[in-house]
Amino acid sequence: MHVRRSVMMAALLSATVFAPAGCASFPAAPSAVGEDYPSTGIPTSVAWPSDWLESLAGESDAVGGTVVGLRLENVAERWVWRVRSTDPGRKDLLGESDADSTSAVEALIDATDLALVQKHDVTLTSAEADVTKLSYYDAVQQSGEGYPGPRLVELKRVVEERQAAWRVTTYDTGDGDLSSRTL
């Protein structure tokens, strides 16, 4: 009986010690773009999406399939990009995907070196699941982002006039103002 109790206590202690490291909670997005930005603005070390977004899908575990959303955030004093993408799932022997049409992946990647910080499975919103006329890459290119001027801080799929579109939010590097428009 004493040995069994010791084994149970050891298992409980082990679970208590190791659980927090393996299951850190995924931080919720701020309610508004820029809400979490410090008054000092965005540092120049933060990568510009027009420089890296196209290649990320094929080179990073952070992105499953097509990018359907992107937002720059400051989480616990660390700049990260929150990237949402479709989840293509795994193919079976017949080439059929096991993913649902609303399956998605949301990842936080370091905004300076683009390393994966954390990711989890999510469900696409109706706007994200809808098809747009403009690809995410084209939306980034049309966002007006260009060094040293405005930088893209959010790319969000929305429904406007019953069609899926992209809402692009840019940050003015001179005065810190945010402005949005729909493409």
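The values are calculated or read from the model by the stated rules, or taken from the named source; none is laboratory data. All figures in this text were calculated on a predicted structure; none of them were measured in a lab. Note that each Cβ is placed from the backbone with ideal geometry, even for glycine, and that neighbours are counted across all protein chains shown. Protein only, heavy atoms only, side chains kept; ligands, DNA and RNA dropped before computing areas. Shrake-Rupley method; radii C 1.70, N 1.55, O 1.52, S 1.80 Å.
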field: Of the criteria (1) out of contact with any helix residue (DSSP H, G or I) (no Cβ under 7 Å at 6 or more places or on another chain); (2) open to solvent by less than 40 Å² (accessible area, probe 1.4 Å), which one Leu70 fails
entry: (1)
- prompt: Is it fair to say Ala104 is over 18 Å from Pro49 (Cα atoms), crowded, with 18+ Cβ neighbours inside 10 Å, over 16 Å from the mean Cα position of the chain (by Cα) and not polar (S, T, N, Q)?
  reply: no
task: Output the residues belonging to region 39-54 that are more than 22 Å from Ala164 (Cβ to Cβ) and open to solvent by 50 Å² or more (accessible area, probe 1.4 Å).
output: Ser39, Thr40, Thr44, Ser45, Asp51
- request: Would you check if there is a residue in region 113-136 being within 19 Å of Val33 (Cβ to Cβ), at pLDDT 90 or above, of a type outside the set (D, E, K, R) and buried (at least 21 other Cβ atoms within 10 Å of the Cβ)?
  value: yes
Scope region 139-169; condition in a helix (DSSP H, G or I) and either over 16 Å from Ser85 (Cα atoms) or among the small types (Gly, Ala, Ser) (or both); matching residues: Ala139, Gln141
query: Condition test on Leu155, is it open to solvent by less than 60 Å² (accessible area, probe 1.4 Å) and modelled with pLDDT under 95?
result: no
message: Can you go through Val168, Val140, Val159 and tell me which one is touching a helix residue (DSSP H, G or I) at 6+ places or on another chain (Cβ under 9 Å) and farther than 22 Å from Glu73 by Cα?
response: Val159
message: If I ask for residues that are crowded, with 17+ Cβ neighbours inside 10 Å, free of Cβ contacts under 8 Å to residues at least 60 places away in the same chain and either within 17 Å of Pro49 (Cβ to Cβ) or out of contact with any Asp or Glu (no Cβ under 6 Å at 6 or more places or on another chain) (or both), which ones from region 159-182 would you list?
response: Ala165, Trp166, Arg167, Val168, Thr170
